[in-house]
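All remarks here apply to the structure that follows.
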Amino acid sequence: MSEGTATATAELDVRLERHRVELTGYCYRMLGSSFEAEDAVQDTMIRAWRSYGKFEGRSSLRSWLYRIATNVCLDMLNAGNKRARPMDLTESTPLAQAALAPRPDNTWLEPVPDARVLPATSDPAEAAVAKESVRLAFVAALQKLPSKQRAVLILREVLAWKASEVAELLGTSVASVNSALQRARATLAEREGQAAADVSDPLDQEQQKLLERYVAAFEGYDMAALTVLLHEDAVMTMPPFDLWLTGTSDITGFMTTLGAPCAGSHLVPVAVNGLPGFAQYKPDPEKGGFSAWAVQVLEISAGRIAGFHCFLDTARWFPLFDLPLHIEGKPDQAQ
């Protein structure tokens, strides 16, 4: 390889990499899986690199990459798998009937670190839209849409593309794009509007105090203090188990029975799905210290916690958040 060719290749790699985070965010919204999104983006980069010689610059490099990424995602979605949250699949289970029945990994909507899907921006309004659009409830609602409607809605509503640009990308008409957008909006209004969580960037003072009280209540395993912080109809989920609980009495009742080994845990803040979250480390009676147990994602609404979602597959999630699986002391001391 000549020096000139090597330089051109390195320059192309740099140009492609500039778009990785936003493309990962796009693919995550399309697929509902952080790992599949990264696979889709890697496939996109490889296809772009191999076919760059045929790219004639009739559109921007960014638009061309989105076209490739869209085709990759549509191919992946042809398998028909739609990821979901436990409340999308079953009815809420009373505590007295609670049983931990796992489902396969590809059933579940997956959490994702903000840093992997939210590009840096100095525009507060743009940052707020981006965070809103990776919330668990929003991405779960997207999974209910046919795949092309999903692409249209993300490109038009989240990324603010013009209808003509989306039509060109999808190889269809502006009228078809507008019709798909209208249908997608109607579906989302029915399914997602009921579960909006507050998003603030950064967290306002009231939200920050709420989280501090939550950490104190959870680490102290103080169910009375936790009850005060939860909405009366708060929801708790625990993928890969399909069990989900609603209401403060069932949630705290679960935590003091089946969940009792979590007493004495420590929480480390994480930025996940545009929402506040924590990596939970549980005391490890065999090894000593603390072992990874769950990535918690919290939904805040009207000054209280409305959703409390625990993703338990720690071997997958903790490395994704660049967190160790075991620590000897408190997390803030170990890092």
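The values are calculated or read from the model by the stated rules, or taken from the named source; none is laboratory data. Not measured: the values here are computed from a predicted model. Cβ: placed from backbone, ideal geometry, glycine included. Neighbour counts: every protein chain shown. Accessible surface is based on the protein model in full, side chains and every heavy atom, while ligands, DNA and RNA are left aside. Shrake-Rupley method; radii C 1.70, N 1.55, O 1.52, S 1.80 Å.
Couple of notes before you dig in:
- Residue satisfying all of: in region 166-185; closer than 23 Å to S60 by Cβ and free of Cβ contacts under 8 Å to residues at least 12 places away in the same chain; least open to solvent (accessible area, probe 1.4 Å) among these: A167
- Just one of the listed residues (L100, L16) is in a helix (DSSP H, G or I), of a type outside the set (G, A, S) and either modelled with pLDDT under 90 or surrounded by 17 or more Cβ atoms within 10 Å (Cβ to Cβ) (or both), namely L16.
- Residue match in region 106-116 (condition: open to solvent by less than 20 Å² (accessible area, probe 1.4 Å) and acidic (D, E)): yes
- Being over 19 Å from F138 (Cβ atoms) and assigned to a helix (DSSP H, G or I) holds for only one residue in L181, L188, L226, and it is L226.
- Reported count of residues in region 37-59, each being open to solvent by less than 60 Å² (accessible area, probe 1.4 Å), without any contact (Cβ under 8 Å) to a residue 60 or more places away in the chain and within 26 Å of R150 (Cβ to Cβ), is 8.
- Residue satisfying all of: in region 120-134; buried (at least 22 other Cβ atoms within 10 Å of the Cβ) and either in contact with a Cys (Cβ under 7 Å, 6 or more places away or on another chain) or not β-branched (V, I, T) (or both); farthest from F308 (Cα to Cα) among these: A130
- Subset of region 269-285 [in contact with a helix residue (DSSP H, G or I) (Cβ under 6 Å, 6 or more places away or on another chain), in contact (Cβ under 8 Å) with a residue 24 or more places away in the chain and surrounded by fewer than 20 Cβ atoms within 10 Å (Cβ to Cβ)]: A271
- When each of P111, P119 is tested for being of a type outside the set (F, W, Y), at pLDDT 95 or above and either part of a loop (DSSP other than H, G, I, E, B) or touching a strand residue (DSSP E or B) at 6+ places or on another chain (Cβ under 6 Å) (or both), the lone residue that passes is P111.
- Condition check for R150: open to solvent by 20 Å² or more (accessible area, probe 1.4 Å), assigned to a helix (DSSP H, G or I) and not aromatic (F, W, Y): no
- Condition check for A160: over 24 Å from S34 (Cβ atoms) and modelled with pLDDT under 95: no
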